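Just below is one structure, and these are the notes that go with it.
The values are calculated or read from the model by the stated rules, or taken from the named source; none is laboratory data. Treat the numbers as computed from the prediction; the structure is a model and nothing was measured. As a convention, Cβ positions derive from the backbone with ideal geometry for all residues, glycine included, and neighbour counts pool all protein chains shown. Each accessible area value is taken on the protein alone, full model and side chains, heavy atoms only, with ligands, DNA and RNA left out. Shrake-Rupley method; radii C 1.70, N 1.55, O 1.52, S 1.80 Å.
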Amino acid sequence: MYKYLLVFVLVFFTGCFSSKNLSNNIEKLDDKNSTKRVYKDISKDAIFEAAKKIFILTGGSEFRIDSYRDSLIVSKTKLSYYPFYSHVSEDKWQISIEEKENSSYVKILAKRVNNFDEKNPSYLSSSLHELLFERIEFYLGLKDSWSSCLVDFSLDDALCDVIDLKTYATPTKEDVLKDIYISQRKPSKKLIDTKDILSEDISFSVDEQSEDILSQKDDIDADSETREFDAEILELDKKINNNLDKTLDKIEDSPEDKEEANESIN
């Protein structure tokens, strides 16, 4: 029983270490096969926009573009048919930019996955990285000419595939981006410049109230209007009682009542 448990634990941790080592190896290979450049005072937003324009201009809807805060992932799937088999490949471009110290640090990585084998990708040539950088620099206004695919590239290279990428076009100077510099950005308004209603302490202590409304006593006699109203009620009651007494006196002094009283005695 314990022997099988020990074997299971060893297999489990061996698998974990193997996965970790494989991940580390892939990261090292990715870094080794990437190309890096630094652009002083060029904003990462301008570089990302230039890269998007290149892929759209080069292949239209053939490229799938996913934008993130600090990276751009571009992929293209290709299905090739041969007499006795078919082949599927997917080109993946990763453009990462770190903007710091008034500069943009750009890294381009491009690799091809064949038949969905993610563990064994083939890295695209550095000349394709250079082609993409040169085209980005044209859109940024740093280069005067558009780099062509007619030199040093095969017919199925990722940016120069004459079979899939039929949307070939050459941009003009009018397509060069404007406002590409970090120094051109308007500084954002600091929060300290705005008045914060929570910047001052507000106390809701009951002790600070001058007098608790529930502790106050009703003083009816102190109200002049109430006293006047009570006086009117008393005066009206007095008049009613006087009128009632006068009416009773008249009834007692009436002759008809006296005659009826005498007849009743006889």
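Hey, H129 hits all of (1) free of Cβ contacts under 8 Å to residues at least 40 places away in the same chain; (2) surrounded by 20 or more Cβ atoms within 10 Å (Cβ to Cβ) but one; which does it fall short on?
So the condition that H129 fails would be (1).
Please work out if I108 is touching a strand residue (DSSP E or B) at 6+ places or on another chain (Cβ under 6 Å), within 25 Å of T172 (Cβ to Cβ) and surrounded by fewer than 17 Cβ atoms within 10 Å (Cβ to Cβ).
no
When region 98-140 is examined, which residues are found to be under 19 Å from A50 (Cα atoms) and assigned to a strand (DSSP E or B)?
Matches in region 98-140: E98, E99, S103, S104, Y105, V106, K107, I108, L109, A110.
Please state which of the following conditions L79 fails to meet, knowing it meets all the rest: (1) in a helix (DSSP H, G or I); (2) of a type in the set (A, V, I, L, M, F, W, C); (3) open to solvent by 80 Å² or more (accessible area, probe 1.4 Å).
Tallying (1) in a helix (DSSP H, G or I); (2) of a type in the set (A, V, I, L, M, F, W, C); (3) open to solvent by 80 Å² or more (accessible area, probe 1.4 Å), L79 fails exactly one: (1).
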